[in-house]
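K.L.:
Dumping the structure here so I can ask a few things about it.
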Amino acid sequence: MKKIDAALLERLKADPEAEFKLIVKAEGEPGQYLTRLQALGIEVRRKFRLTRSLAITASADAALQLADEAWVEKIEEDQIVRTM
């Protein structure tokens, strides 16, 4: 299973300095990785314990580095959800 879908990966690689709002699914309690995220210059906007996820704002370059972390299960773009 790929951590980042192909379309998002292409956008991240195209502009390493661009900022993205992303959702990161973590292995285990996501709060334990805050120090590592800070070291990468990533802003954590919200923690979701039930889904073991974090809402973050990161540069494309930092997001690509994050994908190499063993504890990261999936990275996807944070999008607005509409019911109808």
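We did not get these values from a lab; they are worked out from the coordinates using the rules stated. In this text, all values refer to a predicted model and were calculated from it rather than measured experimentally. Note: ideal-geometry Cβ built from the backbone for every residue, glycine included; neighbour counts use all protein chains shown.
K.L.:
Consider region 48-72. How many of its residues are assigned to a strand (DSSP E or B) and surrounded by 15 or more Cβ atoms within 10 Å (Cβ to Cβ)?
P.N.:
Of the residues in region 48-72, 8 are assigned to a strand (DSSP E or B) and surrounded by 15 or more Cβ atoms within 10 Å (Cβ to Cβ).
K.L.:
For region 20-46, give me the residue count where each residue is of a type outside the set (A, V, I, L, M), closer than 19 Å to K3 by Cβ and not in a loop (DSSP other than H, G, I, E, B).
P.N.:
Summing the residues that are of a type outside the set (A, V, I, L, M), closer than 19 Å to K3 by Cβ and not in a loop (DSSP other than H, G, I, E, B) in region 20-46 gives 7.
K.L.:
Now for a different question. Quick check on region 22-34: of everything there that is farther than 18 Å from Q79 by Cβ and either touching a residue at least 40 places away in the same chain (Cβ under 8 Å) or aliphatic (A, V, I, L, M) (or both), which residue is surrounded by the fewest Cβ atoms within 10 Å (Cβ to Cβ)?
P.N.:
Selected residue: G28.
K.L.:
Next question, about the same structure. Which residues, taken from region 35-84, are without any contact (Cβ under 8 Å) to a residue 12 or more places away in the chain and over 11 Å from L22 (Cβ atoms)?
P.N.:
Those that are without any contact (Cβ under 8 Å) to a residue 12 or more places away in the chain and over 11 Å from L22 (Cβ atoms): T35, Q38, A39, R46, L50, D68, I80, V81, R82, T83, M84.
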